[in-house]
1. I'd like to verify a number: residues in the stretch 393-413 that are within 26 Å of Ile128 (Cβ to Cβ), within 20 Å of the chain's Cα centre (by Cα) and open to solvent by less than 20 Å² (accessible area, probe 1.4 Å), how many?
2. What residue, of Ala289, Ala237, Ala229, is touching a residue at least 12 places away in the same chain (Cβ under 8 Å) and at negative phi?
3. Can you tell me which residue among Ala208, Ala226, Ala237 is open to solvent by 50 Å² or more (accessible area, probe 1.4 Å) and either of a type in the set (Lys, Arg) or not in a helix (DSSP H, G or I) (or both)?
4. Give the stretch 243-263 a look and list any residue that's in contact (Cβ under 8 Å) with a residue 60 or more places away in the chain, open to solvent by 10 Å² or more (accessible area, probe 1.4 Å) and in a helix (DSSP H, G or I), or say none.
5. Out of contact with any helix residue (DSSP H, G or I) (no Cβ under 9 Å at 6 or more places or on another chain), part of a loop (DSSP other than H, G, I, E, B) and over 30 Å from Thr288 (Cα atoms) - does that describe any residue in the stretch 379-390?
6. Quickly run through the stretch 397-429 and pick out the residues that are more than 18 Å from Leu353 (Cα to Cα) and hydrophobic (A, V, I, L, M, F, W, C).
7. When the residues of the stretch 422-446 are narrowed to those that are outside any helix (DSSP H, G or I) and out of contact with any Lys or Arg (no Cβ under 9 Å at 6 or more places or on another chain), which ends up nearest to Glu384 (Cα to Cα)?
8. Which of the residues spanning the stretch 350-393 are closer than 19 Å to Arg404 by Cβ and among the small types (Gly, Ala, Ser)?
Amino acid sequence: MITVALCRSDYRGADQTIELLSASPLVARILVVHDGNPLPVWPKCQLIRGDTLAAGWILEAVLKKSRTRYLLMITGGADIDLGPRTLARLLDVMGTTGAGMLYSDYEETTPDGARKERPVNDYQLGSIRDDFHFGPVQLFSTRAVRQALADSGPLPVLKYAALYDLRLKLSLRAPIVRLPERLYGTSVIPEKGKGEKHFAYVDPRNLAYQQEMEMVASEHLRRLGAWLAPSSRRLPADGGSYPVAASVVIPVRNREKTIADAVRSALAQETDFAFNVLVVDNHSTDATASVVSERAHNYPPVRLLVPERRDLGIGGCWNEAVYSTHCGKYAVQLDSDDLYGGPKTLQQIVAMLGRGRCAAVIGSYSLVDGKGAEIPPGLVDHREWTDGNGRNNALRVNGFGAPRAFRTDILRRSGGFPNVSYGEDYAACLRISRDYRIGRIYDSLYLCRRWEGNTDAALSVERINGNDAYKDRLRSLEIMARQKMTAS
């Protein structure tokens, strides 16, 4: 019933998985991708020389050798402990759902021996990012795979993105289904630092990888009818009346330790235009409001805004500033625990917006610790963005960058920000990029401070999954909007 494909070089010598699968009557063949070193002799095994299942020529060889109804791919880097009924359960669900690909929750064992559930997210239209986490075990319908490749074209000869390409093509042919059951266990292998992993998609060392992923994602958007050509709509005239040219917007809640530095950084900006600083305090329970009130008393450009509502997220607080009578022609981001990189940041951003070609401008930032010392990966400049394809590739990656600045009237016309505290900026930038050009500044303009109080510090798996699912939902909505746009 099943052909298994796995890469032994990833397994670091953990051969129990191969032995376990060899003993299963449901497994017809095991294709072991290996690095050329001597291997034990296992029944049912056939060797393929290579180093990753993601390479086009390796995946093509796997598919040619798969003559069973199903193909089980194991892509993780540790031993897999399959339960006695795992394979039978997977086959049963594949048969009843008609899935092209099936994956499940699982259990992880940490280096200290602790066992914990590892849930994964449901797949949806917008789950097109290349780092979507399926877990290390995925069961494919061989027939659906071959039909998908017949419909959408053969696998590309790529080093990194062939498996990603296969998944996207398959999603157009048959459902990709998650089974919310812990069907197997695996060990947690220590990974590189969180900062490096989180920002891997902007690391210049990964340029070739990113270029392959972008090409595959763009072709998928073309097949979906959601790819947008480089040309953008002409910006409408702005006939609004504003109290100042620019507003620095700082949403805040319970940041008594950092808000004074952020406001001081904003006030230190040297410009040839008038600006103000709009601090939206979301009903802090510490001394944040007092700190800001003191600054507002001593410095007239600082305004403390306190929403009437108590159900606002960061996006809702942004809306309080953007739709207020105090907001300037341009609204410029500054998070409550971050700093501008120098006194000319605001001038540089507004100068680019003032040229009239962009509805939004996004700069680059340097990652620093609480004391201001640079930490890996250092400068995050999002050079994966291009004028020709940036707004399409933005549906694949996880963010646009910082600091973000907007033409206020365009932001208002686009509906502002969703009332959430994660992904609100991503949603706004996606919406604006659908119609208008976004400008980029690749110099470091901003210091993103990482400390234990960051809102994204030490998140649980459930919270991470919730954040990822929300951004996938934003992508789903945006893809549907772009499909409608291109069809008209």
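The values are calculated or read from the model by the stated rules, or taken from the named source; none is laboratory data. It should be emphasised that the depicted structure is a prediction, and the values quoted were computed from it without experimental measurement. In this analysis, Cβ positions are derived from the backbone assuming ideal geometry, glycine residues included, and neighbour counts consider all displayed protein chains. Protein only, heavy atoms only, side chains kept; ligands, DNA and RNA dropped before computing areas. Shrake-Rupley method; radii C 1.70, N 1.55, O 1.52, S 1.80 Å.
1. Within the stretch 393-413, residues that are within 26 Å of Ile128 (Cβ to Cβ), within 20 Å of the chain's Cα centre (by Cα) and open to solvent by less than 20 Å² (accessible area, probe 1.4 Å) number 9.
2. Numbers: Ala237 fails: touching a residue at least 12 places away in the same chain (Cβ under 8 Å); Ala229 fails: touching a residue at least 12 places away in the same chain (Cβ under 8 Å).
None of the other options fit; the residue is Ala289.
3. Working: Ala208 fails: either of a type in the set (Lys, Arg) or not in a helix (DSSP H, G or I) (or both); Ala226 fails: open to solvent by 50 Å² or more (accessible area, probe 1.4 Å).
Going through Ala208, Ala226, Ala237 in turn, the sole match is Ala237.
4. Asp261 - this is the single residue of the stretch 243-263 that is in contact (Cβ under 8 Å) with a residue 60 or more places away in the chain, open to solvent by 10 Å² or more (accessible area, probe 1.4 Å) and in a helix (DSSP H, G or I).
5. Yes, there is a match, as at least one residue in the stretch 379-390 is out of contact with any helix residue (DSSP H, G or I) (no Cβ under 9 Å at 6 or more places or on another chain), part of a loop (DSSP other than H, G, I, E, B) and over 30 Å from Thr288 (Cα atoms).
6. Val397, Phe417, Val420, Ala427
7. To start, the set of residues in the stretch 422-446 that are outside any helix (DSSP H, G or I) comprises 422-423, 436-446.
With the extra rule that they be out of contact with any Lys or Arg (no Cβ under 9 Å at 6 or more places or on another chain), the set shrinks to 441, 443-444, 446.
On the way: Ile441: 13, Asp443: 15, Ser444: 16, Tyr446: 19 Å.
Out of the qualifying residues, it is Ile441.
8. Ala351, Gly354, Gly356, Ala359, Ala360, Gly363, Ser364, Ser366, Gly390
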